[in-house]
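Student: For reference, the structure I am asking about is given below.
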Amino acid sequence: MIKIDKPIYVTQPALPPLEEFTELLKQIWHNKILTNNGPFHKQFEKELADYLGVKYISVFTNGTLALMTALQALHITGEVITTPFSFVATTHSLWWNNIKPVFADIEPNYFNLDPEKVEAAITPQTTAIMPVHVYGNPCNLEAFQKIADTYGLKLIYDAAHAFGVKVNGDSVLNFGDLSILSFHATKVFNTIEGGAIICHDAKTKQRIDYLKNFGFAGETTVIAPGINAKMNEIQAAYGLLQLKYVDANIAKRKTITELYREKLANIPGIKFLNDMEEVDHTYSYFPVFVDAKLYEKTRDELYEELKKHNVFGRRYFYPLISQFPTYRGLLSSKPDNLSVATKVADQVICLPIYPELEKNQQDNIIQLIKSK
Ligand SMILES: *Cc1c(COP(=O)(O)O)cnc(C)c1O
């Protein structure tokens with residue numbers, strides 16, 4: 001009988017050493033600059049761009065405001081084609097911009113938006129595509145760029161799961177017109193709350209920087225109805241510290257992933273994803289997919305069983321975004337249109353993964369899944 005006394009959640013944030021953070025706080029107390037593109041904000045953007053291997057980055061209060069601002073930056077209107085298999089913020093950012101979300105189905109291998117289904121969903125009102133690199137696995141980048149070029153659409157990637165992910169040595173964030181990141185406490189890299197937009201030219205970066213500061217382009221010039229989505233100095237300083245430790249944290253995530261893969265292989269009805277060729281992964285999630293017939297237990301039964309033993313997996317992403325009240329009335333939300341996504345949403349459960357997850361804790365989780 002496995003007994004787990006302390007609850008194990010799907011994730012636990014990695015924090016930098018408190019003493020080092022205190023030193024930076026002293027500097028902020030000395031500077032008396034708390035926000036508005038202060039010295040830590042500037043340095044954080046620079047070091048983050050270097051770390052990620054991108055040209056231009058603008059940091060934000062959170063990922064959702066980054067998504068909303070990205071749509072404003074490119075003047076997106078009308079309809080945007082997106083995935084129902086994501087966190088709700090992806091679609092909410094469209095709704096808050098008065099844009100109609102059009103859901104297309106996902107592909108069955110890595111559960112990212114299916115380019116063929118996207119192409120079939122284009123109408124005269126379509127202005128952009130918003131795919132998500134789900135679990136940090138890159139979308140079909142070439143296919144999406146080709147569709148965007150052919151139809152004259154903008155391409156905005158929700159890369160909230162893809163911090164540090166590289167394809168053939170190049171950051172996945174260098175694809176599309178814009179990418180957004182989230183630095184929420186639950187993500188691979190956190191600034192408590194936070195986010196960013198990645199773009200590829202100085203002019204776009206400038207527009208984004210204006211938009212996140214009410215649209216101010218100078219003391220008396222406001223170029224657009226911007227919002228307040230700036231990152232403050234305390235979080236920027238915290239982020240700078242986090243950058244020193246993120247590689248070590250990703251390495252620990254990799255070790256945990258490898259152990260799950262080794263021990264969960266060959267359990268009938270339990271599937272998981274393997275690394276993609278030519279991709280450097282950062283192991284943001286460890287989803288498993290339950291085939292109820294073969295496993296002789298449904299995903300929800302496994303979820304409840306784990307919970308009974310103090311292990312709190314999460315069903316990312318269930319329900320589908322298209323099933324929430326705001327969106328379920330849309331024509332594109334019909335389950336028939338989203339058959340792959342509908343099936344996967346009923347099978348998935350994300351297992352605990354975070355740098356400080358201990359080996360014996362992980363062994364217990366594995367044992368619970370094996371023993372049923
Ligand atoms: C976390 C997340 C967001 C939202 O980011 P916040 O920083 O929490 O606002 C958006 N999209 C996806 C796919 C996410 O996982």
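Student: Looking at the range 53-80, I want the residues that are among the basic types (Lys, Arg) and have a partner that is more than 12 Å from the ligand (Cβ to nearest atom) and in a loop (DSSP other than H, G, I, E, B) with Cβ atoms under 7 Å, at least 6 apart or on another chain. Which pairs are those?
Tutor: Pairs found: LYS55/HIS200.
Student: Does the range 214-244 hold any residues that are assigned to a helix (DSSP H, G or I) and open to solvent by less than 70 Å² (accessible area, probe 1.4 Å), and which are they? If you could, list the steps in order and put the result at the bottom.
Tutor: From the range 214-244, those assigned to a helix (DSSP H, G or I) are 233-244; that's our starting set.
Once the filter is applied, which keeps residues that are assigned to a helix (DSSP H, G or I) and open to solvent by less than 70 Å² (accessible area, probe 1.4 Å), the range 214-244 yields GLU233, ILE234, GLN235, ALA236, ALA237, TYR238, GLY239, LEU240, LEU241, GLN242, LEU243.
Student: I would also like to ask the following. Assuming TYR283 fulfils every condition listed in (1) outside any loop (DSSP other than H, G, I, E, B); (2) closer than 21 Å to GLY136 by Cβ; (3) in contact with a helix residue (DSSP H, G or I) (Cβ under 7 Å, 6 or more places away or on another chain) apart from one, which condition is it?
Tutor: TYR283 satisfies all of (1) outside any loop (DSSP other than H, G, I, E, B); (2) closer than 21 Å to GLY136 by Cβ; (3) in contact with a helix residue (DSSP H, G or I) (Cβ under 7 Å, 6 or more places away or on another chain) except (1).
Student: In the range 48-59, is there at least one residue being among the β-branched types (Val, Ile, Thr) and either within 16 Å of the ligand (Cβ to nearest atom) or not assigned by TED's automatic domain parsing to the domain that holds ALA143 (or both)?
Tutor: Step one: of the range 48-59, the residues among the β-branched types (Val, Ile, Thr) are 54, 57, 59.
Going one step further and asking which of them are either within 16 Å of the ligand (Cβ to nearest atom) or not assigned by TED's automatic domain parsing to the domain that holds ALA143 (or both), we end up with 57, 59.
Yes, that holds for at least one residue.
Student: Could you list all residues from the range 185-206 that are more than 16 Å from the ligand (Cβ to nearest atom), among the charged types (D, E, K, R) and part of a loop (DSSP other than H, G, I, E, B)?
Tutor: Of the range 185-206, the ones more than 16 Å from the ligand (Cβ to nearest atom) are 199-206.
Still in the running and among the charged types (D, E, K, R): 201, 203, 205.
Once the filter is applied, which keeps residues that are more than 16 Å from the ligand (Cβ to nearest atom), among the charged types (D, E, K, R) and part of a loop (DSSP other than H, G, I, E, B), the range 185-206 yields only ASP201.
Student: Listed residues ASP158, ASP209; which is under 28 Å from ALA237 (Cα atoms), within 16 Å of the ligand (Cβ to nearest atom) and at pLDDT 95 or above?
Tutor: Being under 28 Å from ALA237 (Cα atoms), within 16 Å of the ligand (Cβ to nearest atom) and at pLDDT 95 or above holds for just one of ASP158, ASP209, which is ASP158.
Student: Got a sec? Which of TYR327, TYR354 is of a type in the set (Phe, Trp, Tyr) and surrounded by fewer than 20 Cβ atoms within 10 Å (Cβ to Cβ)?
Tutor: Exactly one of TYR327, TYR354 is of a type in the set (Phe, Trp, Tyr) and surrounded by fewer than 20 Cβ atoms within 10 Å (Cβ to Cβ), namely TYR354.
Student: Pairs please, first residue from the range 224-252 and without any contact (Cβ under 8 Å) to a residue 12 or more places away in the chain, second anywhere and open to solvent by less than 20 Å² (accessible area, probe 1.4 Å) and not polar (S, T, N, Q), Cβ atoms under 8 Å, 6+ apart in sequence or on different chains.
Tutor: Sorted first by the residue in the range 224-252, then by its partner, the pairs are PRO225/GLY215.
Student: I would also like to ask the following. Among the residues of the range 117-142 satisfying the criterion of being surrounded by fewer than 16 Cβ atoms within 10 Å (Cβ to Cβ) and touching a residue at least 24 places away in the same chain (Cβ under 8 Å), which is nearest to SER93 (Cα to Cα)? First the steps, then the outcome.
Tutor: Step one: list which residues in the range 117-142 are surrounded by fewer than 16 Cβ atoms within 10 Å (Cβ to Cβ), which gives 120, 123-125, 142.
Among the residues that remain, those that are also touching a residue at least 24 places away in the same chain (Cβ under 8 Å) are: 123, 125.
Numbers: THR123: 20, GLN125: 18 Å.
Taking the candidates together, the pick is GLN125.
Student: Pairs please, first residue from the range 333-351 and among the charged types (D, E, K, R), second anywhere and open to solvent by less than 70 Å² (accessible area, probe 1.4 Å) and assigned to a helix (DSSP H, G or I), Cβ atoms under 7 Å, 6+ apart in sequence or on different chains.
Tutor: ASP346/ARG299
Student: Then there is this: Please state which one of ILE106, ILE99 is more than 16 Å from LEU330 (Cβ to Cβ), in contact with a strand residue (DSSP E or B) (Cβ under 9 Å, 6 or more places away or on another chain) and either modelled with pLDDT of 95 or more or within 16 Å of the ligand (Cβ to nearest atom) (or both).
Tutor: ILE106
Student: Continuing with this model, one more query. Does the range 168-184 contain any residue that is within 13 Å of the chain's Cα centre (by Cα), away from the ligand (no atom under 11 Å from the Cβ) and either under 12 Å from ALA70 (Cα atoms) or open to solvent by 30 Å² or more (accessible area, probe 1.4 Å) (or both)? Walk me through how you get there before you give the answer.
Tutor: Of the range 168-184, the ones within 13 Å of the chain's Cα centre (by Cα) are 172-173, 179-184.
With the extra rule that they be away from the ligand (no atom under 11 Å from the Cβ), the set shrinks to 172-173, 179.
Next, only the ones that are either under 12 Å from ALA70 (Cα atoms) or open to solvent by 30 Å² or more (accessible area, probe 1.4 Å) (or both) stay: 179.
Checked the range 168-184: at least one residue is within 13 Å of the chain's Cα centre (by Cα), away from the ligand (no atom under 11 Å from the Cβ) and either under 12 Å from ALA70 (Cα atoms) or open to solvent by 30 Å² or more (accessible area, probe 1.4 Å) (or both).
Student: Shifting gears a bit: Contact list please: Cβ distance under 9 Å, first residue in the range 1-29 and more than 23 Å from ARG315 (Cα to Cα), second residue aliphatic (A, V, I, L, M) and part of a loop (DSSP other than H, G, I, E, B), pairs at least six apart or on different chains.
Tutor: Note: pairs meeting the criteria are PHE21/LEU15; ILE28/LEU34.
Student: Please go through the range 5-31 and pick out each residue that is open to solvent by 100 Å² or more (accessible area, probe 1.4 Å), among the aromatic types (Phe, Trp, Tyr) and either assigned to a helix (DSSP H, G or I) or in contact with an Asp or Glu (Cβ under 7 Å, 6 or more places away or on another chain) (or both).
Tutor: Correct list: TRP29 only.
Student: Going through LEU52, LEU67, LEU34, LEU94 one at a time, which residue ends up being over 19 Å from GLN235 (Cβ atoms) and either open to solvent by 10 Å² or more (accessible area, probe 1.4 Å) or aliphatic (A, V, I, L, M) (or both)? Show your work before the answer.
Tutor: On the way: LEU52 fails: over 19 Å from GLN235 (Cβ atoms); LEU67 fails: over 19 Å from GLN235 (Cβ atoms); LEU34 fails: over 19 Å from GLN235 (Cβ atoms).
That would be LEU94, the only listed residue that is over 19 Å from GLN235 (Cβ atoms) and either open to solvent by 10 Å² or more (accessible area, probe 1.4 Å) or aliphatic (A, V, I, L, M) (or both).
Student: Moving on. The conditions are (1) of a type outside the set (S, T, N, Q); (2) within 21 Å of LEU94 (Cβ to Cβ); (3) out of contact with any Pro (no Cβ under 8 Å at 6 or more places or on another chain); (4) open to solvent by less than 60 Å² (accessible area, probe 1.4 Å), and PRO287 fails exactly one of them. Which is it?
Tutor: Result: PRO287 fails condition (2) only.
Student: Shifting gears a bit: So how many residues does the range 290-335 have that are among the hydrophobic types (A, V, I, L, M, F, W, C) and under 12 Å from ILE369 (Cβ atoms)? Reasoning before the result, please.
Tutor: Pass one, the range 290-335, residues among the hydrophobic types (A, V, I, L, M, F, W, C): 290, 292, 294, 302, 306, 311-312, 317, 320-321, 324, 330-331.
Add one more test, that the residue is under 12 Å from ILE369 (Cβ atoms), and what stays is 290, 302, 306, 311.
Looking only at that region, the number is 4.
The values are calculated or read from the model by the stated rules, or taken from the named source; none is laboratory data. All of these numbers come straight from a predicted model, not from anything done at the bench. Because the Cβ atoms are built from the backbone with ideal geometry, glycine has one as well, and the counts that use them run over all protein chains shown. Just so you know, the surface numbers come from the protein's heavy atoms only, side chains and all, with ligands and any DNA or RNA stripped out. Shrake-Rupley method; radii C 1.70, N 1.55, O 1.52, S 1.80 Å.
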